[in-house]
1. How large is ³J(HN,Hα) for each residue in segment 122-132, as worked out from phi by the Karplus curve 6.51 cos²θ - 1.76 cosθ + 1.60 (θ = phi - 60°), to whole Hz, x for Gly and Pro?
2. Once the Cα gyration tensor of the chain is found, what semi-axes does its equivalent ellipsoid get, as square roots of 5 times the eigenvalues, in whole Å, sorted largest first?
3. Could you grab the relative contact order for segment 48-148? Cα pairs under 8 Å, six or more apart, rounded to a whole percent.
4. Across every pair of different alpha-carbon atoms, what Kirkwood hydrodynamic radius in Å does segment 98-230 reach?
5. Taking θ as phi - 60°, what are the ³J(HN,Hα) couplings along segment 21-31 by the Karplus curve (6.51, -1.76, 1.60), each to the nearest whole Hz, with x for Gly and Pro?
6. Hey, what did the chain get for relative contact order, percent, Cα under 8 Å, at least 6 apart?
7. Measuring with a 1.4 Å probe in the full set of protein chains, what accessible area per residue, in whole Å², belongs to the chain?
8. If you take the Cα Rg of segment 61-164 and divide it by 2.2 N^0.38 Å, with N the number of residues, what do you get?
Amino acid sequence: MTHYFISDLHLQADRPAMSEGFFDLLARLEDAQSLYILGDFFEVWVGDDYTDPLVERIQSSLKVLADGGVEIFFMHGNRDFLMGNEFAHACGATMLDEGTVINVGNQSALLMHGDSLCTRDVAYMNMRQLFRHPQWQEQLLSKSLEERLAMGKQIRSESKSGQQMKADDIMDVTPEEVDKVMDEANVDRLIHGHTHRPDVHHWQHADTERERIVLGDWGDDHGWLIRWPDDGLPSLERFGF
């Protein structure tokens, strides 16, 4: 059996080609034991009470996959940090905490969305601390759906503008933070997304070989995944649709 990992799809109704690529992927997961979606599944998520035809189709498609025996897991990203158990349940999925360690065969890996690793982006880290605070989220969710949709649009616009003013290295992970979280989790493999810089990194730390696999963001004609069989090694793949 095989475990699959995806991240940073940024699904939205006005980019149907990308959504169709996701549904096509689901149809191809015939050997899947599990599917891990590591954040930013949606471009923006304003609460589990929101729905539209795309959301409903995603829920029903994932539920069919789950009912067929595939374990599905969601992790919060910086775009869908308001995703909750209600949505996950409708998909037949389980929410995972940031920094969960999984085992595949006799190997292990730390799973993260990846935004908490970008510590050189001080402005973003301060914003992240606010957005992830339970009291702030509770206050936001108490607002009307229309108000939350407007706020989500505004935050997204401000985020895009802010990214254009930042140096590339600031928005990438901090190497020291990577080693810190891997030390704390006692692992030598890390899987994450967020940075939109798909790659496989190898380095030595304390005389041990380490690996960091970075998932890429999806476009209108391609996606990224990690395929990890029970009896093999994880591989990063770009695929077209």
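The values are calculated or read from the model by the stated rules, or taken from the named source; none is laboratory data. Everything quoted here is computed from the prediction, not taken from an experiment. Here the Cβ positions follow ideal geometry from the backbone for every residue, glycine too, while neighbour counts run over all protein chains shown. With ligands, DNA and RNA removed, areas are computed over all heavy atoms of the protein, side chains included. Shrake-Rupley method; radii C 1.70, N 1.55, O 1.52, S 1.80 Å.
1. 4, 4, 5, 4, 5, 5, 4, 4, 5, 5, 8
2. Working: eigenvalues 139, 113, 54 Å².
Semi-axes (√(5λ), whole Å): 26, 24, 16.
3. Numbers: 89 pairs, mean separation 22.9, N = 101.
Rounded, it is 23 percent for segment 48-148.
4. Details: mean 1/r = 0.0591 Å⁻¹.
Computed over segment 98-230, the radius equals 16.9 Å.
5. In residue order, the calculated couplings are x, 5, 5, 5, 4, 4, 5, 9, 8, 5, 9 Hz.
6. Working: 447 pairs, mean separation 58.3, N = 241.
About 24 percent, as a whole number.
7. Numbers: 11700 Å² over 241 residues.
I get 49 Å² per residue for the chain.
8. Working: Rg = 16.3 Å, N = 104, 2.2 N^0.38 = 12.8 Å.
Ratio of Cα Rg to 2.2 N^0.38 Å: 1.27.
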